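Participant: If you scroll down you'll find the structure; I have some questions about it.
The values are calculated or read from the model by the stated rules, or taken from the named source; none is laboratory data. What you see is a predicted model, and the numbers here were worked out from it, not measured in a lab. Cβ atoms come from the backbone with ideal geometry, glycine included; neighbour counts cover every protein chain shown.
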Amino acid sequence: MYNLGNAYVIKENFAEARNCFERAIEFDQNNVAAIYNLANTYYVLNNTEKAIENFEKAIAASPNNIDWRNCVGGFYLEKGDLESAERHLKHSEQLKKNNIDTQIKLA
């Protein structure tokens, strides 16, 4: 299901991609790549809440992933949740000093 979801993403059929990633996660709740792709798919589908929810799950499984922390930090900024944004972005900054993406979002 995960690979089929990726194929749907390439075809820009995000609703079907979402369904495939959700089914992949049903089979393997520890499939972090599927959780991450589901988060991105929800974001493309303009469902920021579900995107954040799934990014948080992916980050819980891989807490030192700077890119994911920057993404979810940006989503929280868009939402106006500065406290959550700062928490993720500062963690990202601790993991990698002078990361330009993190610095821009923290500015």
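Participant: Asn70: in contact with an Asp or Glu (Cβ under 8 Å, 6 or more places away or on another chain) and not hydrophobic (A, V, I, L, M, F, W, C), yes or no?
Facilitator: Yes, satisfied.
Participant: Let me ask you something else. From the list Cys20, Cys71, which residue is hydrophobic (A, V, I, L, M, F, W, C) and more than 11 Å from the chain's Cα centre (by Cα)?
Facilitator: Exactly one of Cys20, Cys71 is hydrophobic (A, V, I, L, M, F, W, C) and more than 11 Å from the chain's Cα centre (by Cα), namely Cys20.
Participant: Quick check on region 4-42: of everything there that is small (Gly, Ala, Ser) and farther than 19 Å from Ala61 by Cβ, which residue is surrounded by the most Cβ atoms within 10 Å (Cβ to Cβ)?
Facilitator: Residue satisfying both the conditions and the ranking: Ala17.
Participant: Do we have Asn54 as polar (S, T, N, Q), under 9 Å from the mean Cα position of the chain (by Cα), outside the structural domain of Gln103 (by TED's automatic domain parsing) and surrounded by 15 or more Cβ atoms within 10 Å (Cβ to Cβ) here?
Facilitator: For Asn54, the condition - polar (S, T, N, Q), under 9 Å from the mean Cα position of the chain (by Cα), outside the structural domain of Gln103 (by TED's automatic domain parsing) and surrounded by 15 or more Cβ atoms within 10 Å (Cβ to Cβ) - is met.
Participant: If Asn46 satisfies all but one of (1) farther than 30 Å from Leu82 by Cβ; (2) not in a helix (DSSP H, G or I), what's the number of the condition it fails?
Facilitator: (1)
Participant: Determine, yes or no, whether Glu78 is buried (at least 18 other Cβ atoms within 10 Å of the Cβ), assigned to a helix (DSSP H, G or I) and in contact with a helix residue (DSSP H, G or I) (Cβ under 8 Å, 6 or more places away or on another chain).
Facilitator: The answer is no for Glu78.
Participant: Is there a residue in region 38-60 that is touching a Ser or Thr at 6+ places or on another chain (Cβ under 7 Å) and either among the aromatic types (Phe, Trp, Tyr) or touching a residue at least 40 places away in the same chain (Cβ under 8 Å) (or both)?
Facilitator: Within region 38-60, none of the residues are touching a Ser or Thr at 6+ places or on another chain (Cβ under 7 Å) and either among the aromatic types (Phe, Trp, Tyr) or touching a residue at least 40 places away in the same chain (Cβ under 8 Å) (or both).
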